[in-house]
Each structure stands twice: as structure tokens, then as C-alpha cells.
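Data first, discussion second: the structure below is written as C-alpha cells.
The values are calculated or read from the model by the stated rules, or taken from the named source; none is laboratory data. Every value quoted in this text rests on a predicted model; they were computed, and no experiment measured them. Cβ placement follows ideal geometry from the backbone for every residue including glycine, while neighbour counts extend to all protein chains displayed. Just the protein is used for accessible areas: all its heavy atoms, side chains included, with ligands, DNA and RNA removed. Shrake-Rupley method; radii C 1.70, N 1.55, O 1.52, S 1.80 Å.
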Amino acid sequence: MAELRLNEITKEQILIVENRSKRPKDFKTCQEKVNVSFKENCPFCCGNEELTPPEVYRDSENWNVRVVENKFPILNSQGKIKGYHYVLIEGRHHSRNIHEMSKEEFLNVTKAFVKVSEMLYQKDDVEYVQLFKNYKKEAGASLEHPHSQIIAINKMPEKINRTLEKSKKYFEKNSECLLCKTINYEIQHEKRIIHLDNDFIVYSPYASIYPYEIAILPLEHRSSLLNMNDEEIEKLSDIIQETIKSLINNVGDVPYNLYFDFIKEEKEYYHYQVRICPRLSIHAGFEIATGLFTNIVSPETSACILAF
Ligand SMILES: [Zn+2]
Ligand SMILES: [Zn+2]
């Protein structure tokens, strides 16, 4: 039986149609995995540094993480709508992905996320910074070597503007941050919780568009990733990595998009989050025409499977 759920903020409608015949193992990919540390023609491999566009950040002389300009930017410094489009090379090794990295290796990546966001938000022509990762071709990745992207833009995207407005209005009316309230609700009801510790909640959002969609939120109210201390960055890094490991171990080596939803300054009405959206189903004619998204794994089932 189908159930209709509404995302109160975005107004997206989701049809939860739990398909019991499709269990996690059906999603597991059987592709032969390439495991090489170096590929001669890969611009991101260590030793091929001269193949990339100009570098804007490296964490040390013998780098672990480099950030370079995107060869095919969606935005540049010209025109009314402009910005910066960078690629973050997550390591020297050609095929070691987040779930296979050591804690220290992924910590270097998380540190670079924070550092480069701070760098970009210092520029006068930057209104909004988006950090995201497309894992595998099906999720939009065009190169195999582990990497993420950072886009800074001189105009706040309308979807983000609407979310900010709605969060602000909710706060004015209820004297409470909407996501702080959601966190308390999810803790009380338990059924969508994937993981809970002293610092973070990981849960399957009530109106998830994607099967096994995941939200990671700090328990303490926080709007921005900027100006975090080393301990906070380390905790954030660990929880993201543990969550991805749980997804890959329980559902398979599936494609996903990961993104950070945060703003520049601390605001009492805005709560930052990290979202992971596995890409196991394709939105086709019905979704495009009606804006009604079908999700075949209920968030409650998803939480049971992903729990750690
Ligand atoms: Zn490579
Ligand atoms: Zn909050």
C-alpha cells in the first residue's frame, strides 16, 4: 500500500511504495572493482600534478589532498552570475574511496572541505558555497579517482533562499529551530534513527526521496562548518565516514551523492546537515511530470538496515 508524505519545507511529495521483493542485496553491484594506486593518464594521481588546471589549495608539500580549478567549470569569473568551481582530489591513491580510507586520510579531506569553504566565503563576490561529492558514474562522477567538488556562487540559489526564509519564519513563530525540534522528535520516536551518540544523530528523513537517504545532524545547534576547532572537525569526519561505511556494508557499493547544507554565519534558525542520497532508482516520466517522487524503501526500513 502506498503512503503519501510531504516535505514541509520544500513541499516535495513522496510516495512511499515499499517493495518487499526488493531487499538490499538486490542493489548490490557485482562490478569488478579496479584497485590500482596509480593510472598513467589520470590527472588526479600523484605524479601527474602538471595535468590539472591551477591548484588553489594543498594541505602539505607532499600533499594528501589538493584542490584545483575545474577544467570544465559551470561558473567562472565573467558575467552576471559568476563564481568558482573547484575539484577536491581526496587522496594520492587512484582507487581508495571514503569507505576504504583510514580515519586520518578522510580527516585530511574533511579539513580541506572546511578550509576551502572558509577561503571562498572570504571573497567579496561569494554569497553561497556548496560542497558535494558524486560517487560513481550513475551519481554524476566523470572521473574514477576519488574527488569532490566545491562551487561558490555570487547569488543565493532560490531553493536555499526559500529554505532560509521558511526556517526563519518557523523560528519567529515557535521560538525554536525546526531541525532542533525534528531531532528531538526523531529521538523520542526512535524508528528512523540509524545512529545516535553524544554529538550527532544520523537518521532516515521522514520524507526521503531516495531509498536509504541519510541525514547527519549535530545535536548541538550549529549553522556553519566555518571556524570549527580541530576536535569538532575530527568528530564530523568520523561520523560521515562511519555512515558511508554502513551504507556500503549493508546495501552494497552503490552510487551516491553527498552534500553539505550549511551557511556562512551562525543563525539561531538554521541547522547544518550532511545528506547522503544513494542513487538506486532513476526518476523517470511520472516523477518529472508530476513532481511526485516514488521511494521503494521506507525510511523506517532503511533505518533498520543501516543502523550502527
Ligand atoms: Zn588517479
Ligand atoms: Zn537547530
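Numbers at a glance
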item	result
Neighbours by Cβ (under 8 Å, 6+ apart or cross-chain): first from the stretch 139-151, more than 16 Å from ligand 2 (Cβ to nearest atom); second among the acidic types (Asp, Glu)	Pro146/Glu90; His147/Glu90; Ser148/Glu90
Residue match in the stretch 110-132 (condition: within 16 Å of ligand 1 (Cβ to nearest atom) and more than 15 Å from Tyr86 (Cα to Cα))	no
Every residue from the stretch 236-251 that is more than 15 Å from Lys133 (Cβ to Cβ) and surrounded by 17 or more Cβ atoms within 10 Å (Cβ to Cβ)	Asp238, Ile239, Glu242, Ser246, Asn250, Val251
Flag if Ile244 is more than 16 Å from ligand 2 (Cβ to nearest atom), hydrophobic (A, V, I, L, M, F, W, C), at negative phi and at pLDDT below 95	no
Residue count for the stretch 90-114, restricted to those that are assigned to a loop (DSSP other than H, G, I, E, B) and surrounded by 16 or more Cβ atoms within 10 Å (Cβ to Cβ)	9
Among residues of the stretch 91-115, those that are touching a strand residue (DSSP E or B) at 6+ places or on another chain (Cβ under 9 Å) and over 16 Å from Val67 (Cβ atoms), counted	2
Inter-residue pairs, beta-carbon under 8 Å, first closer than 15 Å to Cys304 by Cα and in the stretch 182-211, second of a type outside the set (A, V, I, L, M) and open to solvent by 80 Å² or more (accessible area, probe 1.4 Å), 6+ apart	Arg192/Tyr206; Ile194/Phe308; His195/Phe308
Residue among Ser224, Ser204 that alone is of a type in the set (Ser, Thr, Tyr) and surrounded by fewer than 21 Cβ atoms within 10 Å (Cβ to Cβ)	Ser224
The stretch 274-288 residues that are without any contact (Cβ under 8 Å) to a residue 12 or more places away in the chain, paired with ones that are surrounded by 17 or more Cβ atoms within 10 Å (Cβ to Cβ) (beta carbon under 6 Å, 6 or more apart)	Glu287/Phe293
Some residue of the stretch 199-216 being within 16 Å of ligand 2 (Cβ to nearest atom), small (Gly, Ala, Ser) and in contact with a strand residue (DSSP E or B) (Cβ under 6 Å, 6 or more places away or on another chain)	yes
